[in-house]
Amino acid sequence: MSSKSPDLFQVEHAAEHVSLARRMRPRTLADYEGQRHMLAQGSLLRRAIESDRLFSMILYGPPGSGKTSLGHVIAGATSSALTMLNAVEAGVGDLRRAVAEARTRAPRRTIVFIDEVHRFNKAQQDVLLGPLENDVMTMIGATVENPFFYLNHALLSRVQVFELRPLLYDEVASIVDRALVDAERGLGDYKVELAPEARDHLVANSLGDARKALSALELAVLSTPPNGNGVIRIGLEAATECLVKRVVRYDRDGDSHYDVASAFIKSIRASQPDAALAWMSRMMSGGEDPRFISRRLVISASEDIGMADPRALLVAVAAARATEMIGMPEARYALAEACVYLATAPKSRSCADAVGAAMEDAERGEALEVPEHLRSAGYAGASRLGHGTDYEMPTTESEGRKQELAPGGRRYSRPGESGYEREVRARLQDWDDGPRDRN
């Protein structure tokens, strides 16, 4: 466990071995880039910081979005003592020592910043409950994982959860530009010429991760020899080499799994094949089980397309079967074909709505007993019970439609006007109207 005040943390920036990303961490809210949705003037968090009425919180967001930086900014803005913990290394003993130190500092507030807080087990989380309840300390937890999946309800009830978003292009660009001219903490002492296309590549391909952009910039500067005039020219090639390919963030057991799958299905439902392909590719790149993807396609074909295009189900099932037969990576072609077909097919939920309504009636016990004439007559003694004796075999569709067979006369299936359903709707209407005089 380590305990540092904001002043000590800022002094640490001067050390040569400290990375550019750490040296460039903001010191004040004015320097902080991004997260305007939660730090705008008048927002809850900004009011709490500026009025020094701080509360415990969880900062949840992707890497490089500014969680740790925000923790230091808050500590400095509220004149609080700051204790840094990492849940990967800290145990129950470290937590208890942090709480004891917070008690000795009272009435001065202590902020205990816990990085990767989602890694704490239940026993470790329980240690925090009493101190938070009694205002012994203020906790700021940082995590890249959805806290509602990893933290227990007792702890979540004592904190506010804020979701940070990847930084926007202009925000990352501002951080990069500031690092190039800052002589105290950045690269201002170097004569660096960053080509516009190299800057654009670093900013765009950091994908909202400021730490990644700064790390790549620092590597490019330190690994490129200056020319005869002492100028370090960073071109596109150097920028590309120094920006490590980002690993697709996709947790098959966490919220990424559910969020991306949800975006995938909603894109199909919205008839947007490009979006559906993008989200499906995100799942495949992240190592998602292709059988999960194929199952979602089959469900979408049945639920969202239904009778508007009955062939959609055939295509989806064929893709699922192909996935089982050939596996990845070739199965992606069958999945892509089904994805595009479903996204561009007409949509109708009439079948899904119909079976949903019928299930509700059945579960409420409103389904009537099967009438005697509809009961099975295929066993000895059935006729003595009167089962099936009055059943009349229809010889035409119109004749069959005139018999009341649905329990209570319920009507569930209501074909709409989308795709093939128009034909089904017209067919049912023709049968109900009966045979027409052709003369």
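The values are calculated or read from the model by the stated rules, or taken from the named source; none is laboratory data. For clarity, every value in this text was computed on a predicted model and none was experimentally measured. We place every Cβ from the backbone using ideal geometry, glycine too, and count neighbours over all the protein chains shown.
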**Asked** Among the residues of segment 318-337, is any of a type in the set (A, V, I, L, M) and under 22 Å from Ser418 (Cα atoms)?
**Response** no
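Yes or no, residue by residue, for (1) over 19 Å from the mean Cα position of the chain (by Cα); (2) at pLDDT 90 or above:
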position	(1), (2)
Leu277	no, yes
Arg296	no, yes
Ser300	yes, yes
Met307	yes, no
Ala319	yes, yes
**Item:** helices (runs of 4 or more DSSP H) contained in segment 138-199 and holding at least 2 residues in contact with a helix residue (DSSP H, G or I) (Cβ under 9 Å, 6 or more places away or on another chain) and either buried (at least 19 other Cβ atoms within 10 Å of the Cβ) or not aliphatic (A, V, I, L, M) (or both)
**Value:** 147-150, 169-181
**Prompt:** Which of the residues belonging to segment 420-439 are among the polar types (S, T, N, Q), in a helix (DSSP H, G or I) and at pLDDT below 70?
**Reply:** none
**Request:** Being at pLDDT 65 or above and outside any helix (DSSP H, G or I) is the filter; apply it to segment 342-367 and report the residue that is farthest from Ala276 (Cα to Cα).
**Result:** Gly365
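Here's the yes/no breakdown for (1) modelled with pLDDT of 95 or more; (2) not polar (S, T, N, Q):
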residue: Gly130; (1), (2): no, yes
residue: Asn134; (1), (2): no, no
residue: Ile140; (1), (2): yes, yes
residue: Ser157; (1), (2): no, no
residue: Glu184; (1), (2): no, yes
**Selection status of Pro394, at pLDDT below 90, touching a helix residue (DSSP H, G or I) at 6+ places or on another chain (Cβ under 9 Å) and in the same structural domain as Ser285 (by TED's automatic domain parsing)** = no
**Prompt:** What are the residues in segment 103-114 that are in contact with a helix residue (DSSP H, G or I) (Cβ under 7 Å, 6 or more places away or on another chain) and farther than 15 Å from Val159 by Cβ, if any?
**Reply:** Thr110
**Prompt:** Which helices (runs of 4 or more DSSP H) does segment 33-118 wholly contain that include 3 or more residues that are outside the structural domain of Thr138 (by TED's automatic domain parsing)?
**Reply:** none
**Asked** In segment 65-114, which residues are loosely packed, with under 15 Cβ neighbours inside 10 Å and hydroxyl-bearing (Ser, Thr, Tyr)?
**Response** Ser79, Thr104
**Prompt:** Looking at Ala354, is it in contact with a Ser or Thr (Cβ under 6 Å, 6 or more places away or on another chain), outside the structural domain of Tyr412 (by TED's automatic domain parsing) and surrounded by fewer than 21 Cβ atoms within 10 Å (Cβ to Cβ)?
**Reply:** yes
**Prompt:** Among all residue pairs at least 6 apart or on different chains, which show Cβ distances below 8 Å where the first residue, located in segment 161-180, is in contact (Cβ under 8 Å) with a residue 60 or more places away in the chain and among the polar types (S, T, N, Q) and the second is surrounded by 18 or more Cβ atoms within 10 Å (Cβ to Cβ) and assigned to a loop (DSSP other than H, G, I, E, B)?
**Reply:** Ser174/Glu33
**Asked** Only one of these conditions is not met by Glu237: (1) closer than 15 Å to Ala21 by Cβ; (2) assigned to a helix (DSSP H, G or I); (3) over 32 Å from the mean Cα position of the chain (by Cα). Which number is it?
**Response** (1)
**Request:** Would you please name the residue that is farthest from Tyr150 (Cα to Cα), looking only at residues in segment 250-273 that are modelled with pLDDT under 85 and more than 8 Å from the chain's Cα centre (by Cα)?
**Result:** Tyr250
**Message:** Take the conditions closer than 24 Å to Ala40 by Cα and not assigned by TED's automatic domain parsing to the domain that holds Ala98 and apply them to Ala142. Does it pass?
**Reply:** no
